[in-house]
Amino acid sequence: MRKRSTFGSKFGTIAVVGGSVIGLGNIWRFPYVAGDNGGAAFILIYIVVSFLISVPLMITEFSIGRSAQRNSMRAFRKLTSHKRWGLLGFIGIASALLILSFYSVIAGWAMEYLFESFKGSYLSLGSEQITQNFNSFIASGWRSVIWTLLFVTCTAVIVSFGIEKGIERYNKLLMPVMFMIIVGMVVNSFFMPGFREAAAFLMTPDFSKITGKVWLEALGQSFFSMSIGLGAMVTYGSYISKRENLFKVAGTVAISDLTVAVLSGLAIFPAVFSYGISPTSGPELVFLTLPNIFAQMPGGYVVSILFFFLLCGAAITSTISLVEVLTAFVSEEFRLKRRSAIGVVVATVAMLSTICALSQMPDSQLKIGGMNIFDIFDHATSNYMLPIGGMLTAIFAGWIVNRTLLKNEMTTNGSFGVRIFSFVFKLVKYIIPIVIAILFLSKIGLLKLS
Ligand code: PHE
């Protein structure tokens, strides 16, 4: 077998994995889900769950991929004689497809906002006008579809011409720039009239708000944000050098991911309260809020262009990882050349994402039980499919894979983290499957948590 190429350097590894992990999940989804679930209490649980569940699972996915030197579906099959575990890879494939479909719609919104930023459209608008503009953008249907398809095309071009390597280089430079801009926005928000209210909302937990639903939403958001539970990190693990410390890679990536999410919250909520936007606005929350920030901010014209440009970039580096998971599956299972496999994937995503975009039109019939297809894909993946994927991955690693093999891989043959291995292993083997099972039981009403 051809030796798989590995990421060049430690910083290279972190930049590439960070590229998948940091994206719309941090800047778009985290604020809206935190807003929907009451703020501070949600954030607290989110942090706990990220360190005790997501990070150990990320290390586990890396280890499975690096040990098997295979893409997700094949990796699960390679490490056991029970071929049924291939099914776990299949759930991941389905999740990747659905995520890519609704994610491309939001990335399309970001592109439209980049375009509007160039025109300086919203700099002179008040908050009501901004909301109206957004609503008419969604209501038109076709405008949203065009941007979505444009975004899907950009991803397809990058993946089919193999320019991800260039993107890696770009990532190393631009991620820190993105970080600095968000910090600048936090400082700016500090001076807004709604800052105090926002600080209370984000930092004073109301424990009575913690329900089973909040736990599950926090877990789902954490998995989504860290790209866990669908095999993406298995695939990336197969490219990580055999010398790398997996604990360190996962830890660094997780801390960066959390920091960006929390900072986005701090940048956005003061404006949410200052401009009378409802924190429970749902998926549009950030898109209703950001133009108000840029309209008021010194240098808002330039900052808004940079911000939306980088947001589109952050989205693309995430969709690349999703397309990789799907392309590897299609080309291996259907024995297609890489280019043709990408074609199949992109055509499917183009169709599904168009349906997602159209389902958001106010009079759309693309609804099931009162929920539009976009929301269904968004909720089904984060709140059900990724947690199930994560739970099965934990069971697989804890109970099926040979413990010594896992230990050697995770600790890089005893070089790193030997002492924390047994703690992480216990989390993976017992705590994670049990906690996720309990959350599901409470979700379907078989168990009452509070
Ligand atoms: N983690 C990415 C984000 O935060 C989204 C993603 C989910 C990417 C799952 C790959 C796999 O935007």
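Summed over the range 135-192, the residues that are surrounded by 15 or more Cβ atoms within 10 Å (Cβ to Cβ) and among the basic types (Lys, Arg) give a count of 2. Looking only at the range 407-424, decide whether some residue is out of contact with any Ser or Thr (no Cβ under 8 Å at 6 or more places or on another chain), among the small types (Gly, Ala, Ser), open to solvent by less than 60 Å² (accessible area, probe 1.4 Å) and more than 23 Å from residue 97 (Cα to Cα). Yes, the conditions are met somewhere in the range 407-424.
Among the residues of the range 177-197, write down those that are without any contact (Cβ under 8 Å) to a residue 24 or more places away in the chain and not in a helix (DSSP H, G or I). Across the range 177-197, the qualifying residue is only 191. Filtering 375, 363 for residues that are without any contact (Cβ under 8 Å) to a residue 12 or more places away in the chain and acidic (Asp, Glu) leaves a single hit, 363. In the range 347-367, the count of residues that are of a type in the set (Val, Ile, Thr), within 26 Å of residue 118 (Cβ to Cβ) and either open to solvent by 40 Å² or more (accessible area, probe 1.4 Å) or more than 16 Å from the ligand (Cβ to nearest atom) (or both) is one or more. Just one of the numbered conditions (1) closer than 16 Å to residue 389 by Cβ; (2) aliphatic (A, V, I, L, M); (3) within 12 Å of the ligand (Cβ to nearest atom) is not true of residue 49: (3).
The numbered conditions (1) in contact (Cβ under 8 Å) with a residue 40 or more places away in the chain; (2) open to solvent by 20 Å² or more (accessible area, probe 1.4 Å); (3) under 17 Å from residue 125 (Cα atoms); (4) not hydrophobic (A, V, I, L, M, F, W, C) are all true for residue 324 except (3). Note on the range 368-390: residues that are away from the ligand (no atom under 15 Å from the Cβ) and open to solvent by less than 40 Å² (accessible area, probe 1.4 Å) amount to 4. Here is the figure for the range 377-431: residues that are of a type in the set (Val, Ile, Thr) and farther than 21 Å from residue 251 by Cβ total 6.
Condition check ((1) free of Cβ contacts under 8 Å to residues at least 24 places away in the same chain; (2) open to solvent by less than 30 Å² (accessible area, probe 1.4 Å)) across all residues:
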site	(1), (2)
252	no, no
270	no, yes
287	no, yes
302	yes, no
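Those helices (runs of 4 or more DSSP H) of the range 1-110 in which 1 or more residues are within 30 Å of residue 402 (Cα to Cα) occupy 10-21, 40-49, 55-68, 72-78. Within the range 280-288, none of the residues are among the acidic types (Asp, Glu) and under 16 Å from the mean Cα position of the chain (by Cα). In this structure, is residue 161 in contact (Cβ under 8 Å) with a residue 60 or more places away in the chain and over 21 Å from residue 32 (Cα atoms)? No, not satisfied. Does residue 298 satisfy the condition of being at pLDDT 95 or above and away from the ligand (no atom under 16 Å from the Cβ)? So residue 298 fails the test.
Restricting attention to the range 97-126, the residues that are surrounded by fewer than 21 Cβ atoms within 10 Å (Cβ to Cβ) and of a type in the set (Val, Ile, Thr) total 0. Here residue 316 passes the criteria (1) within 16 Å of the ligand (Cβ to nearest atom); (2) under 24 Å from residue 67 (Cα atoms) except the one numbered (2). Looking only at the range 191-240, residues that are under 25 Å from the mean Cα position of the chain (by Cα) and among the charged types (D, E, K, R) come to 3 in all.
Residues that are in contact (Cβ under 8 Å) with a residue 12 or more places away in the chain, in contact with a Gly (Cβ under 7 Å, 6 or more places away or on another chain) and on the phi < 0 side of the Ramachandran plot occur at least once in the range 77-87. Within the range 149-204, work out how many residues are at pLDDT below 90 and aromatic (Phe, Trp, Tyr). Counting residues in the range 149-204 that are at pLDDT below 90 and aromatic (Phe, Trp, Tyr) gives 2.
The values are calculated or read from the model by the stated rules, or taken from the named source; none is laboratory data. Predicted model only: the values in this text are computed from it and were never measured. All Cβ positions, glycine included, derive from the backbone under ideal geometry; neighbour counts span all protein chains shown. Only protein heavy atoms, including side chains, enter the accessible area calculation; ligands, DNA and RNA are left aside. Shrake-Rupley method; radii C 1.70, N 1.55, O 1.52, S 1.80 Å.
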